[in-house]
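Below is one structure, written out as structure tokens; comments come after it.
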Amino acid sequence: MRPKPHVETIRKQVIVAISDQDPWWRDAVIYQVYPRSFADSDGDGIGDIDGIRAHLDHLSDLGVDAIWMSPWYPSPMADAGYDVADFRDIDPAFGTLAGAEALVTEAHAQGIRMIVDIVPNHISSEHLWFKKALADPEAPERELFWFRPGRGPDGDQMPTDWVGEFGGTTWTRTTNPDGTPGDWYLHLFTPEQPDLNWDHPAVREEFEDILRFWFDRGVDGIRIDSAALLFKDRDLPAVVDGQRHPFHDLDEVHDVYRAWRRVSDSYPSRALIGEVWMPEVDRFANYLRPDELHAAFNFDFLGCAWDPQLMRECIDRTLHAHAAIGAPATWVLSNHDVTRHVTRYGRTETTFSFENNLDGTPVDLELGTRRARAAALLSLSLPGSTYVYQGEELGLWENENIPVDQMQDPMYARRGHTRDGCRVPLPWTGDEAPFGFTTGEPWLPQPAEWKDRTVEAQTGDPNSMLELYRSAIRARKTEAGLHQDGMTWLDSGPGVLAYTRGRDFACVLNMSGAAVALPDHHSVLLTSGPLDGTLLPQDTAVWLRIQE
Ligand code: GLC
């Protein structure tokens, strides 16, 4: 059992003091800030660091333990900042490095840790390394990337037929200084995101130095983008079912994370959190061995259907895989890449995968909201850490009505699905767009119906999503059982998930088609919706005190 964090109650806020020794990532609530869409301080319609600083009270009222900041570095924004031109500075649209440092200090003063996003698989085509590599076929920087001659007599066919992570092709041909067609370079995402060659020691050194740069500025953790993609098979074989994949999850990647772990271990209480999309649980768990990453996002849970049997299996699979290596599980419902879960859970088909595009299929937002409320009590009471994507605490849904000419996501052109719908600026105050997000024109349109979902409209309304999240996160901090390892399933009827944590805490989620009786309990701590007398209605969850 882990020691309980030092907890201090100040007015209605609960602040956890930041300690150097605390393995905080094991059961933290981590809030993802998508800086373009959080809050704009200067009226250009794009969220920024000063906007975040001005709204830190929202995060401390919510009670989150840490912020994960999506990329804020200088970038041409070909992929919303996941095309980084310089990892040691801040994009002028977001502010300055001094502003970022001030945010870290101010967040810490509120008891909130900071996690920054590092993108090691690729950089921006505007990064100095790539500009040098492109300008001169003899430049040593060429070796830092994947430049290869084309196939066929004229070299006009791509070196491989690999399909990119957004769909589409993965090679772009260069032009030699004399104007003739040159080699091709590899990009698993867009042409503006050339892949780095991780076999090269300079790439490894550079990224270890970038980690130190941010750790030296007090940052508490690193979120690692596309963490399983870094290495490529140098023979560039075709992708063949049943054979080793040429660029997914190559074993060499683990050496890199062992080296990164040595860097993070040289600072107190720093965490490495991987974005590892991997259906094979044992391969996924390899990233969480004791000398590698501290945690990784649970996309199995995120993509799971609203189905009691599948959800229970997913929870068991997760806990089993993590227990085997002593790593904490994570619980993720939404992020900046996936359809918001109010929308997902309001559809007939409630799963998520990039391959199965459900955009535009009918959505029952009332049903989705009811389930999202229940899912909040589930994800905040399972053993491990929980991620909250900005706006999820407001019950925002996917904006599926963004006009094509306003879409910015490069995925749309390649896959016909846009991630813009989950990246729409937050509604803070007022009755109409831009809802206090900006004094200008928000970079993506907000639905008019969000007037009921603003922070202002929900604050103090006991039935609102925001107050549910606030109450649940506050209760989570002080519930002893929620800080103990493990959980025990209770015998419950079909379609009902019920488990205990510790001696006296239980969560019950009714996913069956009818209201059900609650197990024996002493008192009700929190419900995601009204009880039906003594019964727990469909798609509703409850936290119970089960002993006096
Ligand atoms: C990750 C990010 C996503 C980005 C991609 C390429 O999956 O979460 O937003 O487009 O990597 O960097």
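The values are calculated or read from the model by the stated rules, or taken from the named source; none is laboratory data. Note that the coordinates shown come from a computational prediction; the quantities given were computed from them, not determined experimentally. Because the Cβ atoms are built from the backbone with ideal geometry, glycine has one as well, and the counts that use them run over all protein chains shown. These accessible areas exclude ligands, DNA and RNA; they are computed on the full protein's heavy atoms, side chains included. Shrake-Rupley method; radii C 1.70, N 1.55, O 1.52, S 1.80 Å.
Given R₀ = 41 Å, FRET efficiency for THR429-ALA323 by Cβ-Cβ distance, to 0.05?
0.40
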Could you pull out every residue, at least 5 positions away or on a different chain, whose amide H is within less than 5 Å of the one on ALA271? Hs are placed 1.01 Å off N in the peptide plane, and Pro or chain starts have none.
-> GLY221, ILE222
Heavy-atom SASA rank of LEU236, LEU302 (probe 1.4 Å, accessible area, largest first) | LEU236, LEU302
Cα centre as origin, Lys/Arg/Asp/Glu Cβ charges: region 486-545 dipole, Debye | 200 debye
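To one decimal place, what orientation-averaged projected area in nm² is obtained for the convex hull of the Cα set of region 128-186?
That works out to 4.4 nm², a quarter of the Cα hull's surface.
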Set of region 102-143 residues, backbone N closer than 13 Å to the point 7 Å along the Cα-Cβ line of LEU236 | none
Roughly to the nearest percent, how much of the accessible area of region 303-358 is carbon and sulfur, given a 1.4 Å probe?
-> 52 percent
Measure nothing but the geometry: give the 0 to 90° angle between the long axis through the Cα atoms of 201-216 and the longest principal axis through the Cα atoms of the chain, rounded to 10°.
-> 40 degrees
Rounded accessible area of GLU355 (nearest 10 Å², 1.4 Å probe) = 150 Å²
Quick one: length gained pulling ASP178 to THR478 fully straight, 0.36 nm per residue minus the C-alpha distance?
-> 101.2 nm
Would you tell me the accessible area of THR105, worked out with a 1.4 angstrom probe on the heavy atoms of the protein chains, in Å² to the nearest 10?
-> 90 Å²
Solvent-accessible area of ARG244 with every protein chain in place, 1.4 Å probe, in Å² to the nearest 10 | 140 Å²
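If each residue of separation counts as 0.36 nm, what is the full-extension length gain between ALA98 and ALA448 once their alpha-carbon separation is subtracted? Don't skip to the answer; put the middle values down first.
Values: separation 350, 0.36 × 350 = 126.00 nm, distance 3.58 nm.
Contour length minus the Cα-Cα distance gives 122.4 nm.
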Multiply the residue separation of ALA202 and ASP461 by 0.36 nm, subtract the distance between their alpha-carbon atoms, and state the gained length in nm to one decimal.
-> 87.8 nm
Per-residue ³J(HN,Hα) for region 37-48, Karplus 6.51 cos²θ - 1.76 cosθ + 1.60, θ = phi - 60°, Hz, x for Gly and Pro | 10, 7, 7, 9, 9, 10, x, 8, x, 10, x, 8
Förster-model FRET efficiency, 41 Å R0, MET407 and ARG88, C-beta, rounded to 0.05 | 0.85
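Looking at region 195-288, which GluC sites (Glu not before Pro) are DSSP coil and have at most 10 other C-beta atoms within 10 Å of their C-beta?
GLU280
Give me the percent relative contact order of region 118-221, please, defined on Cα pairs under 8 angstrom at least 6 residues apart.
The value is 27 percent.
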For a label point 7 angstrom out from the Cα of LEU310 toward its Cβ, which stretches of region 262-280 have the backbone nitrogen within less than 16 Å?
-> 279
Helix 97-109 sits at what angle to the longest principal axis of the chain, using alpha carbons and giving 0 to 90 degrees rounded to 10?
-> 20 degrees
Largest first and rounded to whole Å, the semi-axes √(5λ) derived from the alpha carbon gyration tensor of the chain read 39, 25, 24
0 to 90° range, to nearest 10: angle between helix 308-325 axis and the chain longest Cα axis | 70 degrees
Under the helix-only model (-39500 (n - 2.57) for each DSSP H run of 4 or more, divided by the residues of the chain), the mean residue ellipticity at 222 nm, to 500 deg cm²/dmol, is -7000 deg cm²/dmol
Among GLY368, TRP72, ALA541, pick out the residue whose Cα is farthest towards the positive end of the charge dipole of the chain, where Lys and Arg carry +1 and Asp and Glu carry -1 on C-beta, about the Cα centre.
-> ALA541
Any chance you could tell me what percent of the C-alpha pair distances in region 108-155 go past 18 Å?
-> 53 percent
May I ask you to rank HIS200, HIS483, HIS320 by accessible area, largest first, using a 1.4 Å probe over the protein chains only?
-> HIS320, HIS200, HIS483
Collect residues whose amide H, placed 1.01 Å from N in the peptide plane, falls under 5 Å from the amide H of GLN32; neighbours closer than 5 in sequence don't count.
-> TRP68, VAL388, TYR389, GLN390
Plugging the Cβ-Cβ distance of VAL524 and LYS131 into 1/(1 + (r/R0)^6) at R0 = 56 Å yields, to the nearest 0.05, a FRET efficiency of 0.35
Hey, what's the chain come to in accessible area per residue, 1.4 Å probe, Å²?
-> 38 Å²
Counting pairs of alpha carbon atoms under 8 Å apart in space and at least six apart in sequence, what relative contact order in percent does region 389-499 give?
-> 20 percent
Which residues qualify? For ASN121, with a placed amide H closer than 5 Å and at least 5 residues away or on another chain, they are none
